[in-house]
Amino acid sequence: PRPGSSFAHFGFDEQLMHQIRKSEYTQPTPIQCQGVPVALSGRDMIGIAKTGSGKTAAFIWPMLIHIMDQKELEPGDGPIAVIVCPTRELCQQIHSECKRFGKAYNLRSVAVYGGGSMWEQAKALQEGAEIVVCTPGRLIDHVKKKATNLQRVTYLVFDEADRMFDMGFEYQVRSIASHVRPDRQTLLFSATFRKKIEKLARDILIDPIRVVQGDIGEANEDVTQIVEIFPSGPSKWNWLTRRLVEFTSSGSVLLFVTKKANAEELANNLKQEDHNLGLLHGDMDQSERNKVISEFKKKGIPILVATDVA
């Protein structure tokens, strides 16, 4: 399929376009221009793209069209689309995007991840949802306990596959793929395309189209990494507050934190030290996030504290 250069090329109806405009998208990103037509064509796809490339919407928008082309769920049916990702934070973020765009067609999304209540998740699954966003182990737990099933799944996404492998989820990823019907459409996204990911793609995808943003290989070669290891939280904090003035005088500073609560705590502590900063995490809505990112890009705020998947 030919890449699209604007939303008009995708042929989305007014209901979906309304939600896209509300989310302050003005034109598709490069991965969306290439990936959306491929996904809409029904082909399997490998997407090599860095975080922040707009890849989430590149698989969500075609997923909604795919779901609307299937017959409606009946009581006891499992989901039509399953999105598998490595972390709870990413799971929550993708789930909120699914809900936002799914509003166009009144589609339901359920997020299931480790650390959340098994009972509440099982109840939501049993009530029925067209979309399930999950971490691999937790989905398998729910299927084993018969809270849901994978019989209706025809659209399967593995997001941040390289990270899932780094976290030891290869067996679970392969297990999920093997329990979904073979005539499904599968999309695999990864920031890198290492040998293990290439082998997984060969095993679970059929004649995929490869969509690449940037170079295949390392996630980003423009970054120089210097590793500093600290024995404790206080020593890390002392180092950061000591060096922050020097860092901000050289340019913008981006501080990554794993969890939303930690990001908020760090942001508050730095504000008490009179640092001007922005905060970014997965629970913020798109317009808030856009505003913070735009301020950071314009150098209006020198420091941005963010969760690693925000």
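Derivation of every value follows stated rules applied to the coordinates shown; laboratory data play no part. Bear in mind that the values here come from a model prediction, so they are computed numbers and not experimental data. So basically every Cβ, Gly included, is an ideal-geometry build from the backbone, and we count neighbours across all protein chains shown.
In Å, what Rg and Dmax follow from the Cα atoms of segment 7-212?
According to the Cα coordinates of segment 7-212, Rg and Dmax are 15.7, 44 Å.
Count charges around VAL36 for me, please; just the other residues with Cβ under 13 Å from its Cβ, Lys/Arg as +1, Asp/Glu as -1.
+3
Given charges of +1 on the Cβ of Lys and Arg and -1 on the Cβ of Asp and Glu, with all other atoms neutral, how large is the dipole of segment 233-307 about its Cα centre, in debye to the nearest 20?
Using Cβ point charges on Lys, Arg, Asp and Glu, segment 233-307 gives about 240 debye.
Name the most mobile residue of ARG21, ARG174, ARG289, meaning the one with the largest mean-square fluctuation, in a Gaussian network model of the chain with Cα contacts below 10 Å.
Looking only at ARG21, ARG174, ARG289, the largest GNM fluctuation is found for ARG21.
Based on the Cβ-Cβ distance of LYS299 and ILE226, what FRET efficiency does E = 1/(1 + (r/R0)^6) give at R0 = 30 Å, to the nearest 0.05?
Result of the calculation: an efficiency of 0.85.
Using the structure shown, select from LYS22/LYS99; LYS145/LYS260; LYS50/LYS103; LYS123/LYS144; LYS103/LYS146; LYS55/LYS144 the pairs with a Cα to Cα distance greater than 21 angstrom.
LYS145/LYS260; LYS50/LYS103; LYS103/LYS146; LYS55/LYS144
In nm, what is the difference between 0.36 nm times the number of residues separating LEU254 and SER5 and their Cα-Cα distance? Kindly include the intermediate steps, with their values, before the conclusion.
Values: separation 249, 0.36 × 249 = 89.64 nm, distance 3.08 nm.
Length gained between LEU254 and SER5: 86.6 nm.
Please return the longest range in the chain lying between exposed loop sites, taking GluC sites (Glu not before Pro), DSSP loop only, at most 15 other beta-carbon atoms within 10 Å, and leaving the sites out.
That would be 73-217.
Can you give me the Cα centroid spacing of segment 1-74 and segment 95-146 in angstrom?
With segment 1-74 and segment 95-146 each reduced to a Cα centre, they are spaced 21 Å.
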